[in-house]
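The structure under discussion appears below in the form of structure tokens.
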Amino acid sequence: MHYCGAVPMRGRLQLAMLEEVRAPEPPIRLSAIFFEPGSAAQVAAELRALGEVVVALGAPLAEPRQGRPARNCDELLRRLGVGPQPPDSEASKLADLLRDLPRFTPRNGADAHDGAVGEGAYHDFPLFETNADAVFCALQGRRLPAKRHPFGMQLRIDELSGDHVVDEGGDLWHRRAEELDAAACALAAHRYAVAHASWLGDPDEAVVVLPGSSIPEQFETRGVMPPVERLQLPPVTEENAP
């Protein structure tokens, strides 16, 4: 089984793949392979060549229904403190090229807007939507600093390493941010396949799948950034004005 994640990257798509490497003693290692960014057609061709796959796409798979300004799953992500991903044309093309891979559809009641992914769901639904930032937050159980912040990148890399993701072609510290996001989506695909994942959204519209047996009402924000000292600049007066 190949666990794959793809995210938009400046008009192209970044693909990452995880494979289980079993050893006599636990834990199971997840061997990570990264690809050069490519078009939707290239990514689709690679996924088909891999054989049996579970694919997590870190971009919207559907638009808001009935003229609504936003999807229910995007509104729920905002409540969690995570910004939803904007639509991406290449990601939409990829979803269309993979239309023979059924998308995850919850089997809960019509009024449910979140729930656990059932055992064996990946057999019937090998493709699902996720959100890379929300994946990292779900794995950490709290909000993470933005990727533009060095500490935010450190936490993301530490999380992947702590989940036994091993970069077979280099070092996670040498990877682009989009490659780390794709690896996080691939890790979500692995958690989805072992039924340790949850979903949120409107099943009649679109749902986002995240790792974990449940999704909190809001990701914790306290203690995310260590306190640092910052000195105040002097006030501008007539005497020191430039």
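Label-to-label distance, Thr105 versus Lys93, with points set 7 angstrom from Cα along the beta-carbon direction: 2.7 nm.
How much mean residue ellipticity at 222 nm does the chain get from its helices, if each DSSP H run of length 4 or more adds -39500 (n - 2.57) and you divide by all residues, to the nearest 500 deg cm²/dmol? Numbers along the way, then the final one.
Working: 7 runs with 72 residues, N = 242.
Dividing the helical sum by the residues of the chain leaves -9000 deg cm²/dmol.
Treating r as the C-beta distance of Gln42 and Arg222 and R0 as 51 Å, the FRET efficiency rounds to 0.75. Equivalent ellipsoid of the chain: semi-axes from √(5λ) of the C-alpha gyration tensor, largest first, are 32, 23, 19 Å. Shown here is the pair-distance distribution of segment 1-55: with all Cα-Cα distances grouped in 10 Å bins from zero up to the longest one, the shares run 24, 48, 20, 7, 0 percent. Would you kindly calculate the translational diffusion coefficient of segment 139-190, applying Stokes-Einstein with the Kirkwood radius from alpha carbon pairs, for 25 °C and a viscosity of 0.890 mPa s, and quote it in µm² s⁻¹ without decimals? Rounded to a whole number, D works out at 218 µm²/s. In whole Å, what is the distance between the alpha-carbon centres of segment 17-88 and segment 177-242? With segment 17-88 and segment 177-242 each reduced to a Cα centre, they are spaced 16 Å. Residue order for Met1, Met9, fewest other beta carbons within 10 angstrom first, comes to Met1, Met9.
Sorting Thr130, Thr221, Thr237, Thr105 by the number of Cβ atoms found within 10 Å of their own Cβ, with the fewest placed first, yields Thr237, Thr221, Thr105, Thr130. Note on the chain: with a GNM built from Cα contacts shorter than 10 Å, the maximum mean-square fluctuation among Pro216, Pro150, Pro24 falls on Pro24.
Normalised by residue count, segment 1-105 yields a Cα convex hull volume of 139 Å³ per residue. A Förster radius of 41 Å, combined with the Cβ-Cβ distance separating Phe151 from Val236, puts the computed FRET efficiency at roughly 0.85. Put a dot 7 Å past the Cα of Glu19, heading toward its Cβ, do the same for Val166, and the two dots end up 1.3 nm apart.
Each value in this text was obtained by applying a stated rule to the coordinates, not by laboratory testing. Keep in mind that this is a model prediction, so the values were computed, not measured. For neighbour counting, all protein chains shown are included, and Cβ atoms are generated from backbone atoms with ideal geometry for every residue, glycine included.
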